[in-house]
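Data block below; observations after.
The values are calculated or read from the model by the stated rules, or taken from the named source; none is laboratory data. In this text the structure is predicted, and so the values were computed from the model without any measurement. No Cβ is skipped: glycine too gets one built from the backbone with ideal geometry, and neighbour counts run over all protein chains shown.
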Amino acid sequence: MSKVLIIGGAGYVGGALTDLAIAANHEVRVIDNLTYEDSFLKPVEFHFGDVLDFSTLESHLKWADTVVWLAALVGDPACAINPKLTRQTNVDAVRNLVNAFGGRIIFPSTCSVYGAQDGLLDEGSRTNPLSLYAESKLEAEEILSSSKNSTLVFRLGTLFGLSDNFSRLRVDLVLNVLTIRAVLEGSMSVFGGTQYRPLLHVRDVATAAVPHIDTDKSGVFNLHAENVTVLEIAHRIQTIITNARVEQTDISFQDARNYRVNSDLAKQILGFSPNWTIEDGIREVSNLILTRRIKNVSNPRFNNVESLRLQWSAGHHG
């Protein structure tokens with residue numbers, strides 16, 4: 001069993017990953033700057049720290065065997081708000097990590113590095129980042145792959161679903177937001193709709209990562225469960241929320257990403273097998289809204305862009 005430091009562990013991906021790492025009998029510490037949270041109440045060792053103030057991390061890096069590095073500004077619009085801060089967080093801090101830490105690193109990248117391409121994309125396909133977010137993740141990948149560390153990099157598909165009982169719901173992800181609109185408004189607006197997304201349940205990041213906290217498997221791996229168009233997502237929501245209408249508009253959406261990926265390498269080398277389906281995600285998000293477990297789903301804290309915009313306009317970097 002390993003000493004596992006989960007940096008950014010209070011976030012959307014970190015919730016389930018922390019739980020699964022504890023269940024696998026690892027000794028777990030979480031470090032986070034609580035960008036989107038007011039508190040961290042999960043019963044696990046927690047330390048407040050910020051990757052922009054690297055000194056808050058150093059003693060914990062000496063303790064750890066494996067670092068799961070979840071700290072990042074995530075999403076194209078969120079990263080575009082403050083390009084300098086994006087580079088400091090997503091690139092410079094990763095460089096600091098490999099300079100300060102000699103152990104194993106597990107790192108989530110994004111399938112957005114492929115941009116807009118036809119065909120089924122595997123890890124050998126050319127990259128075509130269309131945003132600062134994708135560029136910054138690709139740069140971090142290169143820093144990790146040229147380091148002496150044992151590094152496992154996951155290019156994540158578009159996430160959906162609920163992480164755990166403590167993590168906030170993200171309403172800026174396509175399946176989650178369409179499900180919420182179907183429940184609350186009875187209709188889903190789809191712009192274009194033919195653009196593909198490789199979907200992955202947020203808990204399946206943990207499914208892939210945790211079994212390899214203390215193995216020697218390394219490299220870059222695509223991670224997704226199913227390639228679907230945005231219009232197909234809406235129709236599958238409709239099969240569960242049957243009174244919801246789909247309103248399709250031919251206007252192309254400003255997000256130009258359109259890609260399908262192949263995750264066979266993760267299945268063959270890492271034994272990855274996704275546990276949760278698109279329908280599982282639709283049901284759990286819909287149930288969360290129907291049972292009124294979130295008082296105000298339009299609260300900016302559930303949206304990366306709106307939350308960061310508010311913080312930065314108030315003079316905080318988060």
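Data overview
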item	result
Residues of the stretch 275-305 classified as touching a residue at least 60 places away in the same chain (Cβ under 8 Å) and not in a loop (DSSP other than H, G, I, E, B), total	14
Residue in the stretch 180-191 that is aromatic (Phe, Trp, Tyr) and modelled with pLDDT of 95 or more present	no
Members of the stretch 255-279 found to be farther than 14 Å from Leu223 by Cβ, at pLDDT 95 or above and surrounded by 18 or more Cβ atoms within 10 Å (Cβ to Cβ), listed by number	Ile278
Verdict on Leu17 being at pLDDT 95 or above, more than 24 Å from Leu130 (Cα to Cα), in contact with a Phe, Trp or Tyr (Cβ under 6 Å, 6 or more places away or on another chain) and part of a helix (DSSP H, G or I)	no
Counted residues, the stretch 218-233 - those being in contact with a strand residue (DSSP E or B) (Cβ under 6 Å, 6 or more places away or on another chain) and farther than 19 Å from Trp276 by Cβ	5
Any hit, the stretch 56-79, residues being free of Cβ contacts under 8 Å to residues at least 24 places away in the same chain and under 30 Å from Thr229 (Cβ atoms)	no
Yes/no for Ser109 being buried (at least 19 other Cβ atoms within 10 Å of the Cβ), within 17 Å of Val220 (Cα to Cα) and touching an Asp or Glu at 6+ places or on another chain (Cβ under 6 Å)	yes
Test: residue in the stretch 204-225 that is of a type in the set (Val, Ile, Thr), in contact with a helix residue (DSSP H, G or I) (Cβ under 7 Å, 6 or more places away or on another chain), surrounded by 18 or more Cβ atoms within 10 Å (Cβ to Cβ) and part of a helix (DSSP H, G or I)	yes
Filter result (of a type in the set (D, E, K, R), surrounded by 15 or more Cβ atoms within 10 Å (Cβ to Cβ) and modelled with pLDDT under 95) within the stretch 20-39	Glu37
Among the residues listed as Val98, Val68, the single one being on the phi < 0 side of the Ramachandran plot, in contact with a Gly (Cβ under 9 Å, 6 or more places away or on another chain) and of a type in the set (A, V, I, L, M)	Val68
Yes/no for Ala140 being within 18 Å of Val30 (Cα to Cα) and buried (at least 22 other Cβ atoms within 10 Å of the Cβ)	no
Matching residues, the stretch 143-154, being within 29 Å of Lys42 (Cα to Cα) and either assigned to a helix (DSSP H, G or I) or within 16 Å of the chain's Cα centre (by Cα) (or both)	Leu152, Val153, Phe154
Residue within the stretch 6-19 that is surrounded by fewer than 20 Cβ atoms within 10 Å (Cβ to Cβ), closer than 27 Å to Asn222 by Cα and not basic (Lys, Arg) present	no
Among the candidates Val98, Val113, residue that is more than 20 Å from the chain's Cα centre (by Cα) and among the β-branched types (Val, Ile, Thr)	Val98
Which numbered condition Gly219 misses (of (1) at negative phi; (2) at pLDDT 95 or above)	(1)
Per-region count, the stretch 40-94, residues among the basic types (Lys, Arg), over 23 Å from Asp19 (Cβ atoms) and crowded, with 17+ Cβ neighbours inside 10 Å	1
